[in-house]
Each structure stands twice: as C-alpha cells, then as structure tokens.
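FYI, it's all coordinate maths here, none of it is from the lab. Please read all numbers here as calculations on a predicted model, not as lab measurements. Ideal geometry is used to build each Cβ from the backbone, glycine not excepted, and the neighbour counts take in all protein chains shown.
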C-alpha cells in the first residue's frame, strides 16, 4: 500500500519544477563514457562487483554487493568522500543506479540526474513537468524510487502515471507513454523491471479503487506488448472471491519493482491491498490482492499465484520484493522466493511453482491472527475484525511490520536482514462509496505511539532469528545494503547512516546525515576502489500519516536532499 492523502507538497518546489519542462543540461564527456547495459550484463549482474545495474542490484533483488574492501574489521575507518546537494526539499526514497562510474538518480518526481560516481560532478539533468493538480491524486510528496537502465536508455515512471525513456548519454527524451489516467487515482513511483527487451511496470493507487495491472512495453519503441490485471475479472478463476462486485474497484496495485528468474523465464510481482480497506464491503478472500504473482515476461500470462493475507482488513499489502535465493533446508535444496510481509511473517515459497515452504514470525507483537504452518493460509482472529461501534487494536499497523523499505539477502551466508516497525493501530469502520479519483477506504482510527524499530537478522537456512538491533523510531524507510565484507548498511529517520556486523548485529559505525534517510544505500567500485552511497531527505508517507506515532524528535528534522558517498581513507 502506498498511502494516499489530499495534503499537498511544497508549492514553491512544484512551481520551480513546472517552470522548466524537460530541460536538459548535458555533460560534454558523458557520451563517450556510457557503457551499454546489455541483457547479458543484467543476467550476470550478481557476478559483477563494480556496478549497481538494477533496482535490487541483480535480477534476484538481493541488494547484496560482492565487494569486500570495506569489511567488518575496517568499516570504522569509513570517511565521507563527498556530499552533493540534489536541490530538492522532497522525500528521497530512491535507489541510485551505477554503470561504469556513472550514477543516475531520480530526485523525487522533479528531475533525473546523472553524476560522476567518483567525484559527484553533474553530467546532465532532466527536469520533469507534472500537472498542477497532481497533489490531489497522490499521497506523499514527489516520491520516486529509482530509474532503470537498458542498452543506452534510462527509464523511469512519474506520479501522473507516465513511463519515460531517456537517452542515457544526453538525458533527452526518446519516448513518453501514458500508462494510466492519474485523475482516476492511478500513480507510479516504481523503478521499472527491464528484461528481454521489455520494460515492465505496475501502478499504484489501491486506496483510490483503481484496477491494478502490470504492463510491458517494448524498450525501443515504447509500444505496449502485454497487459495483465491483478484482480480476476468475471469468468476468470478467483473472481468469485470478490463479493458485491467489488472486483470492479479492487485495487491490488503492484507498485514496487519485481524480480526475475532467467532460468525459468519468470517475473515475480507482489500486489497490494484490496479496496476499500473496509473488509465487510468486499466479502471473500479477494484473490489477486496481497499476493505474489508469477508471470511469463514474454506474454504476461500468470504461471502461479500465492495469497499471503486473504480477506485483508488491515492493509497488509504484499507489494514487497520477492527475493530469489537458493537455500538448503534440512539438507534439501530449495529454489526459494522469500518475502518479509507487512503482516509480520517472513515467507519462503518455492519459486518454481509457488508452493508454500514456511512462515517465520519476525515481529513478536503480531495479534491479527496466525499463518497455517502447512498451507500458509492466513487465519484472521474474528475478534480483530472491526465493525461500526467495535474498534479493534491491531499489530502491526497498516505501515506493516516491514513496509516499503527493502530487506537484503546475503546469498553466501543465507542471511536476510529485515527493517522492522513496531507500531499498532486502532481500527474503526466507516461508510464509503466509490467515487472516481477520491480515496476509497471505509475506515478510521489512530496509531498508538510513538513507535520503535528493529533490524532483524534471519538465518534463512535454519529459518530462525539470529539477532535483533533496536532503534528508537520505526525503520520504515531503512532499506538495507548487504556486502561480502560481512557488513550491512542502512539509514534511519534520525538521519543516522549505520553499519552493523552482519553476523551479530553489533553496531560498527555510524554517520550523522543532515536529514532523514528513507532511501536505499548502494555499493560500487571505480578504478578498483569501493564506495558506499546513500541519499538523505525527509518525506514520504510516515510524517503525513502516522499521527501520534511520529516522535517529537522527527518533527525537528530538516528537509533537503543530499547524496552522501563514503570510502576508506588513510
């Protein structure tokens, strides 16, 4: 779920954005430096230590870097290489992309920036133009999560539901396609998945009663190749699980970047909450929502699906990344897909057929119900189903025990690292009716707070918690970078950029950034030297939606986007 609100973003910032439509500031040497990102390079990205070529670094989505110059022994010596102001006051949820020493950043939905990853020198900037009324149909400021690269193109999505291709050497527009009508509540903030010459995207807007879908476009022409709806229509299996014809406005948006298995030619898409939030208005399991969908990237045809939370009453999206990792469980190999779900369980599925393997509770306060240990089916406690005059306190909150912040997996050690939120919410039921372009919820309530957070280390092979590291505020934006140097990196709302020992959870190093860190760190190498980079900038859904869960300390944090790059220095 990507939270929606009528609150507008900074009007001065938007005015500046609208005053420069698709302006480009080219760098003279950049064209000669760009190295085309072929399909082969993407398939083999896990073996290339130097670059960060896709959103999750590799098609598996592990966010694991094989670089180990920086390790648990010497990370205490990490120093700031440079800081580069990105000129935005909006929230920064992005994952930087690095290709042969060139970094590409999506600075909110304001501009795309290419910089020299070694020095921070700007190479070009592409400014976006958004409709003046965009704040009416979106939630959380000018949020964008990142770009994707393929051959000589840079791809990104916009809040007004466009997919745009730029020339990677100049930043100029190659094509611009309208994916959906933003005035109906559709929006896009995800980095596309690019595989086999297809640029694949999903839409956000589940809180507006949109029809969730996933669509693939030809990388050269921008023409649509296929489109798959996430909610089954009449005559399709699962439509009967949407009572009262609720499938028409069923949500189930796929709004985070998918993963891809070249061996089986399968893409894996997590889907969001059913609409409206009020469970009583859509009787049934609501198949397609809160699910993992396995799709053929050539045709969009569904191979299998697995629903994590059926008949969802608490906005427990399953939009999160399905990370692909090969495990050994009880001596037997498992071609696994793992997802840390908003409902507080870490799921392991067989990615070849979607069969349930296990569900490990990583949030101790889960009280909404249980997961069947054999089938993986959710069993919601009837006492937690709110109704008019019957409020219920449920843990975790709709932000999720693990929300939009990304976990990481070290495939060498079979360790996973989950940013966790300790928050609960008191739900109440309200009347709601669908109106185009208006939020469609049917609930009320408030958070208990303020909340806390934990980084949770999990031994995937043993399927057990290995360690916990505590934080005074939720780790809602604390996406994780794992490295072969036995170190994990992540940021916090307090603006601390942390390094922990991956084996023990012991804090090894931290750096005070100038604003909250709600985006994802990356690691790369240029000329044989390892760097770690992250962007800071307070914003997003938590300050707008969390109410009493927002600690007073967070209200004192300054806004402002900065790229921070670190290295070992003598």
At 0.36 nm per residue, minus the direct Cα-Cα distance, what do residue 233 and residue 119 gain on full extension? Give it in nm, one decimal, please. 35.8 nm
Assuming a ≥ b ≥ c are the square roots of the Cα gyration tensor eigenvalues, decide whether region 83-236 counts as rounded (a/c under 1.5), prolate (otherwise, with a/b larger than b/c) or oblate. oblate
Starting from the 7 Å offset along Cα-to-Cβ, what nm value, one decimal, do you get for the label separation of residue 223 and residue 100? 3.0
Considering Cα pairs under 8 angstrom that are at least six residues apart, work out the relative contact order of region 121-267 and quote it in whole percent. 18
Between residue 85 and residue 39, what is the label-to-label distance in nm when each label sits 7 Å out along the Cα-to-Cβ direction? 4.5
As an exercise, use a Förster radius of 35 Å and the Cβ-Cβ distance of residue 506 and residue 152 to find the FRET efficiency, rounded to the nearest 0.05. 0.20
Ranked packing of 265-273, 415-423, most packed first, by mean Cβ within 10 Å: 415-423, 265-273
Using the Cα gyration tensor of region 247-391, with a ≥ b ≥ c the square roots of its eigenvalues, what is the shape: rounded (a/c below 1.5), prolate (a/b larger than b/c) or oblate (neither)? oblate
How high is the relative contact order of the chain? Use alpha-carbon pairs under 8 Å, at least six apart in sequence, and give a whole percent. 15
Would any residue of region 432-455 have its amide N under 20 Å from a label point 7 Å out along Cα→Cβ of residue 548? List them or say none. 443-453
Once the piece of chain linking residue 459 and residue 299 is laid out straight, how much longer is it, given 0.36 nm per residue of separation minus the C-alpha distance between them? 54.0 nm
Looking at the square roots a ≥ b ≥ c of the eigenvalues of the Cα gyration tensor of the chain, which shape do they give, rounded for a/c under 1.5, prolate if a/b is larger than b/c, or oblate? rounded
Rounded to the nearest Å, the spacing of the alpha-carbon centers of region 100-169 and region 233-298 is 28
In nm, to one decimal, how far is the residue 132 label point from the residue 529 one, both placed 7 Å along Cα→Cβ? 4.8
Given only helices, namely DSSP H runs of n ≥ 4 each adding -39500 (n - 2.57), what is the per-residue ellipticity at 222 nm of the chain, to the nearest 500 deg cm²/dmol? -1000 deg cm²/dmol
Most to least packed among 323-335, 535-547 [average Cβ atoms within 10 Å]: 535-547, 323-335
Assuming R0 = 25 Å, what is the FRET efficiency of residue 470 and residue 68, from their Cβ-Cβ distance, to the nearest 0.05? 0.40
Compute the distance from the alpha-carbon center of region 325-367 to that of region 487-513, in whole Å. 25
Among 556-566, 37-47, what's the highest-first ranking by average C-beta atoms within 10 angstrom per residue? 556-566, 37-47
